[in-house]
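Here is the structure we will look at, set down as structure tokens.
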Amino acid sequence: MPVTARSFGERQIRRFRSRLLAWFDREKRSLPWRGESDPYRILVSEIMLQQTRVTVVKDRYEKFLRQFPTVECLARARKQTVLASWSGLGYYRRARALHAAAKQIVHSGGFPVRAAQLVDLPGVGRYTAAAVASIAFDEPVPVVDGNVQRVLRRFLKRDLLNGQTWQVAAQLLDGGRPGDFNQAMMELGAVVCVPARPLCRQCPLAGSCASRGAEARRKQLPRRKAVLNFMLARRNGSVLLEQRPPSSSLMPLMWDLPTFAAPPRIEPALKLRHAITSTDYDVFVFTGRGRREARGRWVALQSAARLPLTGLARKILGRLELLAPG
């Protein structure tokens, strides 16, 4: 027999909804995108929150919207300007897709209002489409992200196939407050029903949860280790930067410091650690003389922050106190 929310009965489902929403109304975090009804601002927040921590997004979200306050402003912007504003958030394909989506929205004459239409936008999948549609337009569609999956898996105390998870989420959804309900489910997974040590005593659903406790830790693949050696070449208030080729599989057209094939036999000017997805890097920065390359360019330090720098280049120049505020 397939697992569905209806296994609990309508009364239990109503209790689930009322307890969750009462908790959310009382305990929800104060976030800059909370209470928004503008679909553009909601879309920006959802794209930024993909694979990026809330604490990082909070500041960058408001800064991005000051620069691009409307979908029309974003659509008119140059791609390099958008990438520069995104610098430090990582996963730059999101910025490119958001820029392309803005152009498509403006070209079509308005924002799509249904999840089935929103998925046609570049970079928008089922989850993001449902989040925007439910929060901005009150469409009664569920959202399922990693947090919601964990909440439902624990609540039912069994693994669900992806299609089953969406089905259960749809049956539990409060059609009167779909946007708030979806945000409440994600919030519960983010701050209470957390992966390693869930705070069951704080959970509004603990009384009917089948698990009530931490899951067995899932085996994680060991992180890779790597070393990066960069050159810091300066002259007359400028720094040498190189632009990644358009064909690059990682961060195409972004600007970075030149690299050394082999580190020079001198002490580095800076040592730091940097993590990208599943790799931890030991980073060494050496002073050096600029070399001529097609992708190289001397950039005034006063204007470097306005370029689409890689997150690591921005971190290095910031640590060396060479980067002017962007």
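Every number in this text was worked out from the coordinates using simple rules, so none of it is lab data. Since we're looking at a predicted model, the values are computed, not measured. Neighbour counts run over all protein chains shown; Cβ positions are idealised from the backbone, glycine included.
How many nm separate the modelled label positions at GLN117 and LEU161, each set 7 Å beyond the Cα in the direction of the Cβ?
Those two pseudo-labels are separated by 3.2 nm.
Cβ neighbours within 10 Å, averaged per peptide: list 122-132, 72-82 in order, most packed at the top.
Working: 122-132: 21.3, 72-82: 15.9.
Listed from highest to lowest mean packing, they are 122-132, 72-82.
Report the residues of region 246-266 in range of a label on VAL227: point 7 Å along Cα→C-beta, backbone N strictly under 13 Å from it.
Residues 260-266 qualify, since their backbone N sits under 13 Å from the label point.
Sequence neighbours fewer than 8 away in the same chain don't count; with that in mind, list the lysines whose C-alpha is under 19 Å from LYS28.
LYS58
Quick one: of LYS63/LYS271; LYS225/LYS271; LYS63/LYS315; LYS271/LYS315, which pairs are farther than 20 Å apart, Cα to Cα? Could you put the intermediate results ahead of the total?
Numbers: LYS63/LYS271 29 Å; LYS225/LYS271 15 Å; LYS63/LYS315 18 Å; LYS271/LYS315 11 Å.
Over 20 Å apart, Cα to Cα: LYS63/LYS271.
How would you rank 151-163, 177-189, highest first, on the average number of other Cβ atoms within 10 Å across their residues?
177-189, 151-163
Taking R0 as 25 Å, what's the FRET efficiency between LEU320 and CYS73 from their Cβ-Cβ distance, rounded to 0.05? Display every interim value, and only then the final one.
On the way: r = 33 Å, r/R0 = 1.31.
Computed FRET efficiency for LEU320 and CYS73 comes out at 0.15.
Test of understanding: what is the full-extension gain from SER18 to SER37, defined as 0.36 nm times their sequence separation minus their Cα-Cα distance?
The SER18-SER37 span can extend by a further 4.6 nm.
Once you place label points 7 Å from the Cα toward the Cβ at GLN202 and ARG29, how far apart are they in nm?
1.1
Let me have the relative contact order for region 224-319, percent, based on Cα pairs under 8 Å that are six or more residues apart.
38
Please report the relative contact order for the chain, taking Cα pairs under 8 Å with a sequence separation of at least 6, and give it as a percent rounded to a whole number.
17
Of GLY88, GLY175, GLY237, which has the largest mean-square fluctuation in a 10 Å C-alpha GNM of the chain?
Sorting by GNM fluctuation, first place goes to GLY237.
Starting from 0.36 nm per residue, how many nanometres of slack lie between ASP282 and ALA269 once their C-alpha separation is accounted for? The partial results should precede the final answer.
Details: separation 13, 0.36 × 13 = 4.68 nm, distance 1.37 nm.
Difference between extended and current length: 3.3 nm.
Taking the chain as a Gaussian network, where each spring joins two C-alpha atoms under 10 Å apart, which residue of SER211, SER248, SER238 fluctuates the most?
Per the Cα network of the chain with a 10 Å cutoff, SER248 tops the list.
With springs connecting C-alpha atoms under 10 Å apart, model the chain as a Gaussian network and identify which of SER247, SER134, SER208 has the largest mean-square fluctuation.
Of the options given, SER247 has the highest mean-square fluctuation.
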